[in-house]
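Quick notes on the structure that follows.
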Amino acid sequence: MTTRDRMPTGEVSSVMHVRCPDRLPEEIYRRVLEELHGLSPVVQALPPTAALVELKGALRYHDTDARRLGEVLRVRTLSRLGVDVRVGIGPSITVAATASARIEQPGGVLAVTPDQAADWLAPLPVEALHGIGPRQAEVLHDYGIHTVGLLAAVDPATVQRLLGGRAGRLAADRARGVDPRPVVPRTLPATATVRHAFGRHALDGATVRAALLDLVVQLGLLLRRRGQAARALTLTLTFAGNSGWEKTRRLTEPSAHDDDLRALAYQLMDGAGLQRGRLTAIALKGEDLIAADQVAQQISLDDAREARLVAEGAADRIRDKFGDAAIRPAAVHRRAS
């Protein structure tokens, strides 16, 4: 594990910017966020693979410095999740995020103190400054501004004329290390996901429908055990060649019941318009989850639905006692046999 340290002296930086590997599964990303919350209560999720952490209170609580907390984070994510991270630390979001981007993969820690920030930023390519996009960098290059130091030396009014009012003002400020934005606590919306991978490419519509039904039952059981209900469902289909299709649709009312989830999941699948697509995997995600006790209880005149809900509760109790496979839809049993 290689750690690069640029905090020997001076005022302590307290903003941490964390970059996870690209295409990190959402479940693992959520667990990285949990590790961050173990260091500080002020964590801002930047999905799909990054996050910000405010360390001011954490430094006092842990009685250590920011670089050390970055090292602790890497050890924890590597040992617990098998995931390495790139950790940038600085006096502002811009400096911390620029630092994390300068670390070579798979991971490392790069910390910059406030008194070092301007000198550290100055020789970097202007496109390396967090917040400068490719088109802005191209405009700056056209005017001979190739480094962050040159950008910082240009009159802010000139930068505004080149990049536009607000964008130019922000670029000029950040090139000087000025970025007063706070880290704003933000968590990911609660979700629950279940997946099925086909042993070989699935072409049979009945096989796919049976697998989807099994996912519906798994998702409903997971939500009910958590005491949650979904406001929306997302269906993701993965095809041979790693191409994919994804669609989200909201439920009429938040629910964790198989009946409601199945009806919407089938609508999503029908909307995919599959012909002879060779499916390799499907995933069903409950989105925008809320606590089940927040769902308004509607008076139902549908005796058949009420009977199915009673049967669902009984099936849940059997699964709790004998295992989740004790009761499965008949279509799933037929396809499995």
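Of all the Cα-Cα pairs you can form in segment 120-173, what percent are over 15 Å apart? Cα-Cα pairs of segment 120-173 separated by over 15 Å account for 33 percent. Taking θ as phi - 60° and the Karplus parameters 6.51, -1.76 and 1.60, the scalar couplings of segment 279-286 work out to 7, 10, 6, 9, 9, 10, 10, x Hz in sequence order, x denoting glycine and proline. Each Lys and Arg Cβ is given +1 and each Asp and Glu Cβ -1; about its Cα centre, segment 39-185 then shows a dipole of about 380 debye.
Legend: Rg and Dmax of segment 53-142, from Cα coordinates, 14.8, 48 Å. Taking the chain as a Gaussian network of alpha-carbon nodes connected by springs under 10 Å, the highest mean-square fluctuation of the residues Y61, Y143, Y29 belongs to Y143.
Rolling a 1.4 Å probe over the heavy atoms of the protein chains gives the chain an accessible area of 52 Å² per residue. The alpha carbons of segment 99-206 occupy a box of 67, 31, 27 Å along the principal axes, longest dimension given first. In angstrom, the C-alpha Rg and Dmax of the chain are 25.4, 75.
Computed over the chain with a Gaussian network model linking Cα atoms closer than 10 Å, the most mobile of D155, D302, D288 is D302.
Only helices enter the 222 nm calculation for the chain: every DSSP H run of n ≥ 4 contributes -39,500 (n - 2.57), and dividing by all residues gives -13500 deg cm²/dmol, rounded to 500. Listed by number, the DSSP H helices of the chain that run 30 Å or longer by alpha-carbon position along their axis and have mean Kyte hydropathy of at least -1.0 are 205-226. Length available on full extension from K247 to K56: 0.36 nm per residue minus the Cα-Cα distance, which gives 64.7 nm. Bridgeable lysines around K285 (alpha carbons under 16 Å apart, same-chain partners fewer than 8 residues away excluded): K247.
In this calculation the C-beta distance from R80 to E26 is compared with R0 = 25 Å, giving a FRET efficiency of 0.90.
Where the accessible area of segment 197-264 is counted over protein heavy atoms with a 1.4 Å probe, how much of it, in %, is carbon and sulfur? Ligands and nucleic acids excluded, carbon and sulfur give 47 percent. Residues whose amide H comes within less than 5 Å of that of L289, counting only those at least five positions distant or on another chain, are A190, R231 (H built at 1.01 Å from N in the peptide plane).
The H on the amide N of A281, modeled in the peptide plane, is under 5 Å from the matching H of F198, T238, each at least 5 residues off or on a different chain. Dividing the convex hull volume of the alpha carbon atoms of segment 1-154 by its residue count gives 109 Å³ per residue.
The values are calculated or read from the model by the stated rules, or taken from the named source; none is laboratory data. Quantities reported herein were computed from a predicted structural model and do not represent experimental measurements. Heads up, the Cβs are rebuilt from the backbone with ideal geometry, glycines too, and the neighbour counts pull from every protein chain shown. Each accessible area value is taken on the protein alone, full model and side chains, heavy atoms only, with ligands, DNA and RNA left out. Shrake-Rupley method; radii C 1.70, N 1.55, O 1.52, S 1.80 Å.
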